[in-house]
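A short write-up of the structure that comes next.
The values are calculated or read from the model by the stated rules, or taken from the named source; none is laboratory data. All figures in this text were calculated on a predicted structure; none of them were measured in a lab. Here the Cβ positions follow ideal geometry from the backbone for every residue, glycine too, while neighbour counts run over all protein chains shown. Accessible surface is based on the protein model in full, side chains and every heavy atom, while ligands, DNA and RNA are left aside. Shrake-Rupley method; radii C 1.70, N 1.55, O 1.52, S 1.80 Å.
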Amino acid sequence: VGRYSIPFATVMMISGLRFAPSAGVRAVCALLLLFAVVFNLAAVQALQNDQRLGWLRTARVRVNFANNLIIVYLLWHKCPSAWLLLALTPLAVAVYDSRAKTFTAALAASTALFVLAGILGNGALREWDAEVIHAAFIFSISLMINDLSRMLRERAGAI
């Protein structure tokens, strides 16, 4: 997952930095990006070296979600595609974990989107419609990936 999500998030963030509303927000987002890259690369390395670090996978999911939530909050008005950062958490959970945990992660990401829209949005029906579509995407793609991942894990176990 890290092989794909870290570069994607990095490209998203670099793009988003161009649209940051102020130099201060740009600096905070740049620091959060740097932290995310270093943290994730270190976590991936640690998990590859010691599979007993299951707690690190859970911590990584939570830290990344919180980090991405802050970034989406800061860039909400200037970078419309920033919501995709919140989709990364349920997608990562979908690869490694159960359907229930994937659903919970998708619910958390979707709820975060609705809360941000309520706090930062203009309340227009079109905006709420977009968030419903974003939430539907997060749920459908996460659950689909979870099903595919589970099928691959079952096949690998049967071989």
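A few remarks follow.
- When L86, L74 are compared by accessible surface with a 1.4 Å probe, the order from highest to lowest is L74, L86.
- Look at the dipole of the range 74-159 built from charges on Cβ: of V115, A92, L125, the Cα furthest out on the positive end belongs to A92.
- Between the range 66-89 and the range 18-41, the alpha-carbon center distance in angstrom: 12
- Residue with peak Gaussian network fluctuation, the chain [Cα springs, cutoff 10 Å], from V37, V95, V115: V115
- Taking every full run of DSSP H in the chain, the ones that stretch at least 24 Å from end to end by Cα along their long axis and average 0.5 or higher on the Kyte-Doolittle scale are 23-49, 54-75, 99-120.
- Residues W55, W76, W128, sorted by accessible area with the largest first, give W55, W128, W76 [1.4 Å probe; ligands and nucleic acids excluded].
- Its DSSP H runs of at least 4 residues, each contributing -39,500 (n - 2.57), put the calculated 222 nm mean residue ellipticity of the chain at -29500 deg cm²/dmol, to the nearest 500.
- Computed over protein heavy atoms with a 1.4 Å probe, the accessible surface of the chain works out to 58 Å² per residue.
- Surface calculation, 1.4 Å probe, protein heavy atoms: R150 sits at approximately 90 Å² accessible.
- Rounded accessible area of F35 (nearest 10 Å², 1.4 Å probe): 100
- Whole-percent P(r), the range 1-99, all Cα pairs, 10 Å bins from 0: 15, 50, 26, 8, 0.
- Percent accessible area from carbon and sulfur atoms, the range 1-139, protein chains only, probe 1.4 Å: 69
- Nearest-0.05 FRET efficiency for I141 and F35, computed from C-beta distance (R0 30 Å): 0.70
- Placing unit charges on the Cβ atoms of the charged side chains and taking the dipole of the chain about its Cα centre, the candidate lying farthest along the positive direction among I6, S149, W55 is W55.
- Rounded to the nearest 20 debye, the dipole size of the chain about its Cα centre is 340 debye, using +1 on the Cβ of Lys and Arg and -1 on the Cβ of Asp and Glu.
- List H77, H134, ordered by accessible area with a 1.4 Å probe, largest first: H77, H134
- Area of Y73 that stays accessible when all protein chains are in place (1.4 Å probe, Å², to 10): 110
- Per-pair calculated FRET efficiency, R0 = 30 Å: W128 and S15 via Cβ, rounded to 0.05: 0.75
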